[in-house]
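The next block holds one structure in the form of C-alpha cells; read it before the comments.
The values are calculated or read from the model by the stated rules, or taken from the named source; none is laboratory data. In this text, all values refer to a predicted model and were calculated from it rather than measured experimentally. Here the Cβ is made from the backbone with ideal geometry for all residues, glycine too, and neighbour counts use every protein chain on show.
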Amino acid sequence: MRYTRRHFLQTLGGAGVGLALSSFGFAASEKPEDLHDTWPDRQETWSISICQQCPGGCGIRVRQVGGRPVKIEGNPDHPVNQGRLCPKGQSALHALYDPDRIRTPLLRTGKRGAGAWKPLGWDEALGMLRQRLAGLQAQGEPHRLAILGGQYRGFMDPLWRRFAHAYGTPNYIRLNCLQTDQAMLAHVLSQGAQAPLSFDLRHARLILSFGCNLLETWQSPVHVARAYADTVSAAGGRTARLVQVDPRFSPTAAKADQWVPIEPGRDGALALGLAYVLIRENLYDDQFVRNFTFGFHDWVDDHGVRQRGYRSVVLDTYEPSHVAEITGVPVETIIQLAREFGARKPALAIGSRGVSQYSNDNLSRLAVHSLNALVGNIGQKGGVLGQNVLPFTPWPSFELDGAARRGVAMPRVDGAGQGRYLLSTDAFQALPQNLKADKPYSIDTLLIYGTNPLLSHPSGAGFSGVLDHVGFVVSFSPYYDETAMMADLVLPDHTPLERWLDDPLTQLAGFSAFSIAPPVVSPLFETRSTGDVVLRLAAMLGGVPALALPWKSYEDLLRFSARGLFEAGFGHVISIPEREGFRQLLRQRGYWRRELATFDDFWKALVSRGAWWDAEENYGALAMVLHTPSRRYEFYSQTLRRQVEEEARKLAEREKGLDVGAAVKRLAGELHLGQNEQLFYLPHYEEPSFRGEDRSYPLHFGSYKLMSRYGGRTGNQPWLQEHPAAFIESDWDPWVEINPVTARRLNIQDGEWVWVESSKGRLRAKARLYPGTRPNMVNMATGAGHTAMGRWAQGVGANPNEVILPGSDVVRGFGTLGETRVRIVKL
Amino acid sequence: MPRWAMVIDIDKCTGCQACVLACKAENNIPAVSREESARGRSISWMRILHEVEGEYPDVRLRFIPRPCMHCDNPPCTKVCPVMATYKDRDGIVAQIYPRCIGCRFCMAACPYTVKYFNWHTYEMPNLQQRMHNPDVSVRTKGVVEKCTFCHHRLQRAHDEARRQGRPLEAGSYTTACSQTCPTGAIRFGDLDDRDSEVARLAKSPRAFRLLAELGTQPKVIYLTERDRHAT
Ligand code: SF4
C-alpha cells in the first residue's frame, strides 16, 4: 500500500498528540526528481555509520522508515560516544538532503567562478581526466600534478598518497591545521612521537588546559564531554579539577573549576612560570626527571660544549613576578596553580590547541608539555599516553618506473620539509606564492579533495587568483563550495551516508579502534565515492598506478586491509556493554578469545556493529612513548637540533660565504626559535609577533570554533545556522564579542552593526557586549561567511579570514590566526 | 500511571545544544528563515537559556535548558477556549493542532515561554522533507506548538507493550534530548517510581523547580550548579 506523504503524516502520524492540517508548498526552483511525494512502506530499520560532521569519530545509528533515513542517534556500543551526539551530529541528515548538492559530474563552460556548467556522464568525465594525466606522464612531467587534501582520517589518505607516488608526483599536500592523524610537533621533538599521543582525561585529577576548548571543539567533543561528566561523582563532589587558561571566557572556561585569564600569546611564559615554582619548591618528580629525562641539568655535548639545561634556564628567567608581568596572571595565581599541579596527582597539562594562533605556538606547546614531564605524568594513568598501532594488513609493495622515480624526486611545490618549512609535513601557506611564481615549476593539474581553502584558509581570497595559474583544476566536492566554483571539472563525491566510511582512532586515551560503515542508502544522485574514483582512475591509467592500487572498489580495499584486525590475536568487534564487560574481565586475567571463526564472519560482524577495538590500557609503557635519540623525555630536543643543523649544513653548502653557525642562526630565526643560541632547543618564551600598530589598531583579534560548526562544511545546514551558540544572544547574523567597557568607550550598543577593520580588510558584524571578552580584545567565531555553498550558507555570516593577517606558521604551514590587531568602527 | 518527568543538572550542562538539535530532528521542527529568525520567530521546543553575570575577569555563565515543564497544574490549558491544549492521561501537556485557532492565549499564560506560534507554513525543499519523522505530524500556519516530552515515543512504547502483552516497563522510553545529551545532564523517567533515577535526583538538596512559587507544579526539575570556583 502506498500513501501520499501528506496523507501519511495526517493519518498515521501525530501519535495522538495532534494531527496536522498542513499543506506542503513546493518551491518553484525544485527539480522534478525531488518530488518523491509518496511514502514507501512503513518498515522501520536501523543501520550503523560514522558521523562525518567533524573529526570526532562518533559512531551513529540511522533510523530509516521505508528505507528512507529520518533520524540519527548515537551508537550506544561505540567507545567514542556511547550513544550520545553533539548538535552537529544531530543535524547530519541535512548533509544528505541538501537541496543544493552537486548532482552529476560538471564541466565548466563559462568563466572560472561564474557558475556556468555542463553536466557530464561519469565515463566522459573520467576519460577527460585520464587523458590529461596520461598526457602529463607521456611528457615525462608527472610531478606537475598536485593533489590538495583536507581534514580526514582513514584509508583515503594512504590511497591518495599511494596514487600520487605511483603516478610520480611528490605533491600530495594536505591542508593540515588540525592533524588528528599526526603527532603534534611538540610531542615529536620531546618524545619522538610517531603517532598522536593521547591525554587520559578520565583519570587525571587535575587538567590544566592552555586554551584548548575541551568542551566545544577539541579532538572529539562528545568523548571529552563524557569524560568531563564522569569527573562529577555520584555523591556530588568533583573527582577532578579543570583549570582553563584562556584570554576569552569560553563555555569551557565557564564550566571549568577555575578560569585563568591571560594576555593572548603568553601561554608558554605562564607554563615556565609554573615550572619555576615546581622546581624551586621541589614539587617535581625527581625520580622521573632523573631516570627518564634528558637536558634537565646543564650538560656537556659531544663537541665538549657546555649546554644549558632546562632547570637553570627556568630558574634564571621565569621568576613569577616577571612571568606575571608578561602574562597578566597574578603572582599568587601562578604559585597556587604550580602548587596544585605538583600536589594533585595525576595532573595533566594540555597545550595542543589545534590551529596555530601565535608564531610562538610550538615553543608554548613545548613549555606546556614540559610540565607533564616535570611531574612524571607520562605513560601513566591519567597522563600522556601512546596507543597501540592498528594491525592492518600491509598493502602489497610495488616498484616505481623511471619516469615516476624522477617525478617523486622533484622538490615539492609547497617547499615542505626544508628551510622555513623544515618542521612542516605540508606547507599549504606557501602555495599561493609559489604557484603564482611557478616556483619551483608550474602546476598543470590540481586535484582538490576534502578541503575548501577559499573559505577556510586565512589567505583564501588570495588563493582564488592563484588558481588561474593552474592549467586544470578538479574538485571532488559534493557541494558547490567556494573552491568547487573555481574548478574546471567537478567529480562530485557521495555525501557520507551514501558511501563506505572508515575511521582509525588512536588519538583518544584508553583504546584504539577502527570504525567502519557500509553505505546506509543508495546514492540519491549521479555522484560517486571519491575512493572508488581514484581506484578507477588508477586502473584506467594502467602501469604502476594500476599495479600499486589493485582493488576494484574502496570496499575491496577496506576488506583487504581489515583482515589484519581479524588475524591480530587481540581486540574485538565492539559489542553490547554486557559482553564487553565480560571480555574486560577475561583480559585482566590474561585471556583473549577469538569471537568469530572465519574472516567472513568477522567482516560481517564488523560492518554491522560498526567498529573493532582494542581496549588495552597502556599504563607504564614508557618505551611506547619515548622514541628520542636519548630514549628519554628530552627537555633539550636533540631531534630539533639535528634537524636544524643538518638543514643549516645544506644551506651553507648552497650559499657562498655563509658558515654553518650563521646558517643555524638564520634558520632559528625563521623557525621562531629566538636569537639566543643557548635556548634554541629548549622550551622558552619568545614574544608573539602581532601585526598592525597599536595606535590605529588597538584591539587583538581572536577567532575560535563554535560547537555548532566545523569549518565551513556544515554551512548549508539551516538548523545549525539558526542556533550557532547558546552562551550569547545569536542567530544567523555574524557577531563580534566586545567587552562592555570597551564598547562604552567606543559608544557602541549591544546588537548594533559595526565594522571590524584590520590593515588587510574589513567585515560587518553585530556587536555583542560580552563581559567574557578581554578588554583589549575582540573575538569572532569562524566557519561562516560563505560566498557560495547553497541557499542557507551564501551571504550568511562573516568570514574572519577577511581581516586575519596570517603570520607564518612554520609548524603546520597553515598560518597563525591570532596575531592580527583590529579596530571597531561604527557603521 | 507513571508520572513522566525530567531532571536537568545545570552543573553538567555545557550549553552545547545537542538537545536543541535532537529535538528539531525528532519533531519535524522547521528552520524558519534568516529574516524570521531575526524577528524572534524561530521555533525551539528545547532551548538553552543563558545567564551571564559580572565583569571581566569575574564572570559567571550558566546554561539552563528549557523544555516544556509539563506542569501538573498548567496555567496554559485553563485559558484555551477550544481545548486544543490539555493535560492527557499520561500527565503530558499536549497540543491538538487541528483544534488550535491561533489565539495564543496559552502563549501568554505560560510563564516559562515554551510555546511557539507558527507565523507561516514553513516550506522546506522537498528533498529535506524526506527526513520528516513519520510519527510526528507537521504543523501549519496559525497554530501553537511546544515540547511534547516526545509523546510519540511513549505511544510506541505503549504499542510495543500491548503487542507483547505486558505492562509498560520503567525506562521503556526516553526523550530525544535526554537520549543525546553528551554529559547526561538531562535525565528522564517516572517520578512515581521510587527506584527511578529521576525520583532519586528530585530529592537531591540541589533540586529546585523554576518559578515554583506560582504553583504550576512543573515536572521538570533542575539541579543547581555546584560552586566550582572555590578551590
Ligand atoms: S562530535 Fe559531533 S560532529 Fe563530531 S563526530 Fe561526534 S557527533 Fe559528529
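Some notes on this structure:
- Counting only helices (runs of 4 or more DSSP H) that sit wholly inside region A:608-712, those with at least 3 residues that are more than 28 Å from the chain's Cα centre (by Cα) and over 30 Å from A:Asn776 (Cβ atoms) are A:638-654, A:660-670.
For every residue, the table says whether it meets (1) of a type outside the set (A, V, I, L, M); (2) more than 7 Å from chain B (Cβ to nearest Cβ); (3) within 27 Å of the chain's Cα centre (by Cα).
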{"site": "A:Gln52", "(1), (2), (3)": "yes, yes, yes"}
{"site": "A:Gly56", "(1), (2), (3)": "yes, yes, yes"}
{"site": "A:Gly89", "(1), (2), (3)": "yes, yes, yes"}
{"site": "A:Asp98", "(1), (2), (3)": "yes, yes, yes"}
{"site": "A:Arg101", "(1), (2), (3)": "yes, yes, yes"}
{"site": "A:Leu106", "(1), (2), (3)": "no, yes, no"}
{"site": "A:Gly110", "(1), (2), (3)": "yes, yes, no"}
{"site": "A:Lys118", "(1), (2), (3)": "yes, yes, no"}
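- Test: A:Thr104 is away from the ligand (no atom under 16 Å from the Cβ), assigned to a loop (DSSP other than H, G, I, E, B) and either within 24 Å of A:Ser529 (Cβ to Cβ) or hydroxyl-bearing (Ser, Thr, Tyr) (or both): yes
- Only one of the listed residues (A:Ala275, A:Ala253, A:Ala271, A:Ala227) is within 16 Å of the ligand (Cβ to nearest atom) and of a type in the set (Gly, Ala, Ser). That residue is A:Ala227.
- Residue check for B:Gly142: at pLDDT 95 or above and either in contact with a Cys (Cβ under 8 Å, 6 or more places away or on another chain) or of a type in the set (Lys, Arg) (or both): yes
- Filtered residues of region A:534-581 (kept if in contact with a Leu (Cβ under 6 Å, 6 or more places away or on another chain) and either within 16 Å of A:Gly610 (Cα to Cα) or modelled with pLDDT under 95 (or both)): A:Val573
- Flag if A:Ala125 is outside any loop (DSSP other than H, G, I, E, B) and either in contact (Cβ under 8 Å) with a residue 60 or more places away in the chain or within 16 Å of the ligand (Cβ to nearest atom) (or both): yes
- Scanning region B:7-43 for residues that are of a type in the set (Gly, Ala, Ser) and more than 7 Å from chain A (Cβ to nearest Cβ) yields a count of 2.
- The residues of region B:188-215 that are assigned to a strand (DSSP E or B) and more than 13 Å from chain A (Cβ to nearest Cβ), listed by number, are B:Phe188, B:Gly189, B:Asp190, B:Phe208.
- Of the residues making up region A:63-81, just one is surrounded by 20 or more Cβ atoms within 10 Å (Cβ to Cβ), more than 9 Å from chain B (Cβ to nearest Cβ) and more than 13 Å from the ligand (Cβ to nearest atom), namely A:Asp77.
- Residue match in region A:249-266 (condition: touching a Lys or Arg at 6+ places or on another chain (Cβ under 7 Å), more than 8 Å from chain B (Cβ to nearest Cβ) and either touching a residue at least 60 places away in the same chain (Cβ under 8 Å) or part of a strand (DSSP E or B) (or both)): no
- Filtering region A:45-62 to residues that are in contact (Cβ under 8 Å) with a residue 40 or more places away in the chain and away from the ligand (no atom under 11 Å from the Cβ) leaves A:Ser47, A:Ile48, A:Val62.
Residue-by-condition table, conditions (1) among the small types (Gly, Ala, Ser); (2) within 11 Å of chain A (Cβ to nearest Cβ); (3) farther than 22 Å from B:Pro30 by Cβ:
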{"site": "B:Tyr116", "(1), (2), (3)": "no, no, no"}
{"site": "B:Glu123", "(1), (2), (3)": "no, yes, no"}
{"site": "B:Val138", "(1), (2), (3)": "no, yes, no"}
{"site": "B:Lys146", "(1), (2), (3)": "no, yes, no"}
{"site": "B:His151", "(1), (2), (3)": "no, yes, no"}
{"site": "B:Leu154", "(1), (2), (3)": "no, yes, yes"}
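- Some residue of region A:443-453 being outside any loop (DSSP other than H, G, I, E, B) and at pLDDT below 95: yes
- Condition check for B:Asn118: crowded, with 16+ Cβ neighbours inside 10 Å, touching a Leu at 6+ places or on another chain (Cβ under 9 Å) and of a type in the set (S, T, N, Q): no
- Looking across region A:292-318, the residues that are in contact (Cβ under 8 Å) with a residue 40 or more places away in the chain and under 35 Å from the mean Cα position of the chain (by Cα) come down to A:Phe292, A:Thr293, A:Phe294, A:Gly295, A:Phe296, A:Gly309, A:Tyr310, A:Val313, A:Val314, A:Thr317, A:Tyr318.
- Checking each residue in region A:138-164 for being more than 16 Å from the chain's Cα centre (by Cα) and surrounded by fewer than 20 Cβ atoms within 10 Å (Cβ to Cβ) picks out A:Ala138, A:Gln139, A:Gly140, A:Glu141, A:Pro158, A:Arg161, A:Arg162.
- Filtered by the rule that a residue be assigned to a loop (DSSP other than H, G, I, E, B) and either without any contact (Cβ under 8 Å) to a residue 60 or more places away in the chain or within 16 Å of B:Arg41 (Cα to Cα) (or both), region B:125-136 gives B:Pro125, B:Arg130, B:Pro134, B:Asp135.
- One residue stands out among those in region A:725-757 that are under 14 Å from A:Lys826 (Cα atoms) and in a loop (DSSP other than H, G, I, E, B): the one that is farthest from the other protein chains (Cβ to nearest Cβ), which is A:Asn747.
- Residues located in region B:52-75, provided they are without any contact (Cβ under 8 Å) to a residue 40 or more places away in the chain and under 15 Å from the mean Cα position of the chain (by Cα): none
- Counted as qualifying within region A:143-247 are the helices (runs of 4 or more DSSP H) with 2 or more residues that are in contact with a Ser or Thr (Cβ under 7 Å, 6 or more places away or on another chain), namely A:185-191, A:221-230.
- Number of the exception - A:Leu242 against (1) away from the ligand (no atom under 16 Å from the Cβ); (2) more than 10 Å from chain B (Cβ to nearest Cβ): (2)
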